[in-house]
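Visitor: This structure is in structure tokens; I'll ask about it shortly.
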Amino acid sequence: MSKNVLITGGTGLLGSHLTTLLLQKGYQVSYLSRNIEPIPHIKTYQWNVEEGTIDTKAIEQTDYIIHLAGAGVADKRWTKSRKQEIMESRTNSAALLFNALKTTKHQVKSVISASAIGYYGFDTGSQWVDENTQPGDDFLAEVVQAWESSVQQIASLGIRVVNLRIGIVLSEKGGALAKITQTIKVGAGAPLGTGKQYFSWIHIDDICRIFIHALENGQMQGIYNAVAPQPVTNEELTHQIAEVLDKPLVLPHVPAFALKLALGEMASAVLGGNKVANQKLLTTGYRFEFPELRPALEDLLKE
């Protein structure tokens, strides 16, 4: 069985961890990237999403595509131009893949794409949401809807497509956990806003293993929530991290207005939350390595 996997956005937090796991499992991994700097064991092909160019040899040589490319949502303030970049980096990259697959002779069996629980809107309170829940009407919900439908076009070419709505990925190397850990270590950690907002998290090992599960399980297609089974509140998360680090939490909650001043519109994403169900994923036979928060934090944060 041929086992060539092409990854877009392969050098990011998720992509690099996923690459390690794929190589361990005997897959050949190549990247589609704007920069073709040499990376050990990885063949890199060039594409430029803004200019709409792609080296179609990447498509000819692969069996599976894992699509992770997209500008980081929490990296910069959401100015008008940044919002456009967040949207277009996702929709235009999917459109570029679609056109390349449509016009190039290839043997691609499936495309597994990142998506996000931002689909449900900034704040759905303490109600469980699942894949059948209606989308939200804020900026991130709009981005995810456009992103998913641009990836979904690929299914019209007879290729199996899976969209994984990813929760908040916990990794010691970056993202939300690294930021919260940093503030707690310097004595400035505190729950955000009311602290009651739900945080649907997933350990980086599990999300990478879910991508491989989706790639190997030919029955999977369409949308799946990729979150751990037990969401927690922001307050609970902050307390558990402090306990695992053995650090006190001395500050009161960070008030909403302070976050709005610091983050602008992006504060809504932090002050709200979603309690996301993963039943559909569990029915595919996926078994979590870290279904509960405490062992996940201990795995990531223990020196």
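Visitor: Which residues, taken from segment 108-131, are aromatic (Phe, Trp, Tyr) and not in a strand (DSSP E or B)?
Guide: Taking segment 108-131 first, the residues aromatic (Phe, Trp, Tyr) are 119-120, 122, 128.
The answer is TYR119, TYR120, PHE122.
Visitor: Exactly one condition in (1) within 21 Å of LEU68 (Cβ to Cβ); (2) surrounded by fewer than 18 Cβ atoms within 10 Å (Cβ to Cβ) is false for VAL162; which is it?
Guide: All conditions are met except number (2).
Visitor: Only one of LEU282, LEU300, LEU245, LEU263 is of a type outside the set (Gly, Ala, Ser) and in contact with a strand residue (DSSP E or B) (Cβ under 8 Å, 6 or more places away or on another chain); which? Show your work before the answer.
Guide: Values: LEU282 fails: in contact with a strand residue (DSSP E or B) (Cβ under 8 Å, 6 or more places away or on another chain); LEU245 fails: in contact with a strand residue (DSSP E or B) (Cβ under 8 Å, 6 or more places away or on another chain); LEU263 fails: in contact with a strand residue (DSSP E or B) (Cβ under 8 Å, 6 or more places away or on another chain).
None of the other options fit; the residue is LEU300.
Visitor: With the condition kept exactly as written, say whether any residue in segment 119-136 is closer than 17 Å to GLU85 by Cα, out of contact with any Pro (no Cβ under 8 Å at 6 or more places or on another chain) and of a type in the set (Gly, Ala, Ser). Even if it seems obvious, please write down each step before you answer.
Guide: Pass one, segment 119-136, residues closer than 17 Å to GLU85 by Cα: none.
Checked segment 119-136: no residue is closer than 17 Å to GLU85 by Cα, out of contact with any Pro (no Cβ under 8 Å at 6 or more places or on another chain) and of a type in the set (Gly, Ala, Ser).
Visitor: Taking MET220 and the conditions (1) in contact with a strand residue (DSSP E or B) (Cβ under 6 Å, 6 or more places away or on another chain); (2) hydrophobic (A, V, I, L, M, F, W, C); (3) in a loop (DSSP other than H, G, I, E, B); (4) farther than 30 Å from ALA100 by Cα, which numbered condition does it fall short on, given that it satisfies the others?
Guide: (4)
Visitor: Quick check on my filter: what residues within segment 59-91 are among the small types (Gly, Ala, Ser) and surrounded by fewer than 20 Cβ atoms within 10 Å (Cβ to Cβ)?
Guide: Of the residues in segment 59-91, the ones among the small types (Gly, Ala, Ser) are 69-72, 74, 81, 89.
If the condition is that a residue be among the small types (Gly, Ala, Ser) and surrounded by fewer than 20 Cβ atoms within 10 Å (Cβ to Cβ), then ALA71, GLY72, ALA74, SER81, SER89 are the ones that fit.
Visitor: Using the structure shown, decide if ASN217 is out of contact with any helix residue (DSSP H, G or I) (no Cβ under 9 Å at 6 or more places or on another chain) and free of Cβ contacts under 8 Å to residues at least 60 places away in the same chain. Don't jump to the end; show me each part of the working.
Guide: Numbers: out of contact with any helix residue (DSSP H, G or I) (no Cβ under 9 Å at 6 or more places or on another chain): yes; free of Cβ contacts under 8 Å to residues at least 60 places away in the same chain: no.
So ASN217 fails the test.
Visitor: Right, here's the next one. Of the residues ASN278, ASN274, ASN217, which is closer than 30 Å to ALA155 by Cα and touching an Asp or Glu at 6+ places or on another chain (Cβ under 8 Å)? So that I can check it myself, show each step before the final result.
Guide: Numbers: ASN278 fails: touching an Asp or Glu at 6+ places or on another chain (Cβ under 8 Å); ASN217 fails: touching an Asp or Glu at 6+ places or on another chain (Cβ under 8 Å).
Exactly one of ASN278, ASN274, ASN217 is closer than 30 Å to ALA155 by Cα and touching an Asp or Glu at 6+ places or on another chain (Cβ under 8 Å), namely ASN274.
Visitor: Also, I was wondering about something else. So is TYR45 surrounded by 15 or more Cβ atoms within 10 Å (Cβ to Cβ) and over 18 Å from THR104 (Cα atoms) or not? Show your work before the answer.
Guide: Working: surrounded by 15 or more Cβ atoms within 10 Å (Cβ to Cβ): yes; over 18 Å from THR104 (Cα atoms): no.
No.
Visitor: Pick from segment 178-211 the residues that are outside any helix (DSSP H, G or I), aliphatic (A, V, I, L, M) and at pLDDT 85 or above: which of them is surrounded by the fewest Cβ atoms within 10 Å (Cβ to Cβ)? Can you show your working first?
Guide: Just the residues of segment 178-211 that are outside any helix (DSSP H, G or I), to begin with: 186-203.
From what is left, the residues that are aliphatic (A, V, I, L, M) are 186, 188, 190, 192, 202.
Next, from what is left, pick out any that are at pLDDT 85 or above: 190, 192, 202.
Details: ALA190: 19, LEU192: 22, ILE202: 27.
Result: ALA190.
Visitor: Test of understanding: among VAL169, VAL254, which residue is hydrophobic (A, V, I, L, M, F, W, C) and within 20 Å of GLY121 (Cβ to Cβ)?
Guide: Numbers: VAL254 fails: within 20 Å of GLY121 (Cβ to Cβ).
Matching residue, one of VAL169, VAL254: VAL169.
Visitor: Among the residues of segment 229-278, which ones are more than 23 Å from GLU298 (Cβ to Cβ), in a helix (DSSP H, G or I) and in contact with a helix residue (DSSP H, G or I) (Cβ under 8 Å, 6 or more places away or on another chain)?
Guide: Scanning segment 229-278 gives ALA256, LEU259, LYS260, LEU263, GLU265, ALA267, ALA269, VAL270, LEU271.
Visitor: Same structure again: Search segment 132-159 for residues that are in contact (Cβ under 8 Å) with a residue 40 or more places away in the chain and assigned to a helix (DSSP H, G or I) and pair each with any residue that is crowded, with 19+ Cβ neighbours inside 10 Å and of a type in the set (D, E, K, R) when their beta-carbon atoms are under 6 Å apart and the residues are at least 6 apart or on different chains.
Guide: TRP147/ARG90
Visitor: Can you name the number of the only condition in (1) touching a residue at least 12 places away in the same chain (Cβ under 8 Å); (2) in a loop (DSSP other than H, G, I, E, B) that ARG287 fails?
Guide: The single condition ARG287 does not satisfy is (1).
The values are calculated or read from the model by the stated rules, or taken from the named source; none is laboratory data. This one's a predicted model, so the numbers in the text were calculated from it and none came from an experiment. When we count neighbours, we look across all protein chains shown, and the Cβ atoms used for this are built from the backbone with ideal geometry, even at glycine.
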